[in-house]
Amino acid sequence: MLHISRPRTVTSIVELRDVVRDWRRAGDLVAIVPTMGGLHEGHLSLVRNARRRAKRVIASIFVNPTQFGEGEDFENYPRDEVRDAELLASAGCDLIYAPSVSEMYPDGFATSVSVTEITGPLCGSHRPGHFDGVTTVVCKLLNQSQPDYAVFGEKDWQQLVSIRQMVRDLDMPIRIASSPTVREADGLAMSSRNRYLSVKERKIAGKLNRALFASADHIAHGIDLDRVLEACTKALLTAGFSEIDYIEARDSATLAIVNRLEHGKEARIFAAARLGKTRLIDNVPIERTGMAG
Ligand code: PAF
């Protein structure tokens, strides 16, 4: 049996910087994959993406309290360090950075990094403060590790474009890369939160992506966008989703609302829907067919 040794874990900024400094002295490029643990194949695809870009790959594991709202799942968020380390080893990660909350936010911490505009709609309007929590912690993780690359998943598209905006606006010398959403056999976007679903809910959950892909196809073929999204919302409620936070078509880069497809611009359908206590998000591209106006 092939034995893959677990990557070293460091918990302090000082240790992290020591390791990165040695790598840099050896001339190695460095990439980081920020995560909150509870890892799945989606995260591992990010690590593999990072590996293709840099000789050295760090995965951070930090369940960031400031991006969870009141009544959200911070306490119950899946934590399994041993399994995560084994998975990271199998994907070629060199170092795990797992700081404590007090290492990340020492007493007296008083700064927030806030990206405006693109963090306003979609999850921004349903999870107040969420994106400030994300951009603040990602800014800190990037400053702490000073990588050449950071890799994020396209499932959290609004997070990805917010981080790109932050890195651009703050002149951070880091390239942001992304990997496509990894899906289960029925198309459900992989997420650490999928494990909250009951067996019955899990069956219903698979319908979200199918409804989005079908809607994107209808829009691409010229069917009225509002009508399609309204029908999609109704279909998901009928299928058993308890609540739809949003289903909207937006410009992929600016997240501006899209009423009709335009040449030269890429649009996506974004959705957040609740199944009992679980909130699922997904997004799919609207691929033009040449027929739509
Ligand atoms: O996508 C996530 O897991 C988190 O939002 C991130 C980027 C690790 C920041 O806490």
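The values are calculated or read from the model by the stated rules, or taken from the named source; none is laboratory data. As the structure is a prediction and not an experimental result, all values here were calculated from the model. Cβ: placed from backbone, ideal geometry, glycine included. Neighbour counts: every protein chain shown.
Computed values, structure above
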quantity: Filter result (within 19 Å of Ala177 (Cα to Cα) and either surrounded by fewer than 21 Cβ atoms within 10 Å (Cβ to Cβ) or within 16 Å of the ligand (Cβ to nearest atom) (or both)) within the range 1-38; calculated: Asp28, Leu29, Ala31, Ile32, Val33, Pro34, Thr35, Met36
quantity: Where a residue in the range 62-77 is within 15 Å of Tyr105 (Cα to Cα) and acidic (Asp, Glu) and its partner, wherever it lies, is modelled with pLDDT of 95 or more and assigned to a loop (DSSP other than H, G, I, E, B), with Cβ under 6 Å and at least six apart; calculated: none
quantity: Condition check for Arg227: part of a helix (DSSP H, G or I) and closer than 20 Å to Glu184 by Cβ; calculated: no
quantity: Exclusive hit being under 19 Å from Thr254 (Cα atoms) and either away from the ligand (no atom under 14 Å from the Cβ) or part of a helix (DSSP H, G or I) (or both), set Arg202, Arg193, Arg168; calculated: Arg168
quantity: Odd one out for Asp282 among (1) buried (at least 17 other Cβ atoms within 10 Å of the Cβ); (2) over 16 Å from Arg127 (Cβ atoms); (3) within 18 Å of the chain's Cα centre (by Cα); calculated: (2)
quantity: Residues (surrounded by 20 or more Cβ atoms within 10 Å (Cβ to Cβ) and assigned to a helix (DSSP H, G or I)) located in the range 141-153; calculated: Leu141, Leu142, Gln144, Ser145
quantity: The range 1-45, subset small (Gly, Ala, Ser) and within 19 Å of Cys139 (Cα to Cα), residue farthest from the chain's Cα centre (by Cα); calculated: Ser12
quantity: In the range 102-140, the residues that are aliphatic (A, V, I, L, M), farther than 20 Å from Ser252 by Cβ, touching a residue at least 12 places away in the same chain (Cβ under 8 Å) and part of a loop (DSSP other than H, G, I, E, B); calculated: Val113
quantity: Residue match in the range 69-81 (condition: touching a Gly at 6+ places or on another chain (Cβ under 9 Å), assigned to a helix (DSSP H, G or I) and either away from the ligand (no atom under 15 Å from the Cβ) or among the aliphatic types (A, V, I, L, M) (or both)); calculated: yes
quantity: Residue within the range 45-65 that is in a helix (DSSP H, G or I), of a type outside the set (D, E, K, R) and more than 17 Å from Ser179 (Cα to Cα) present; calculated: yes
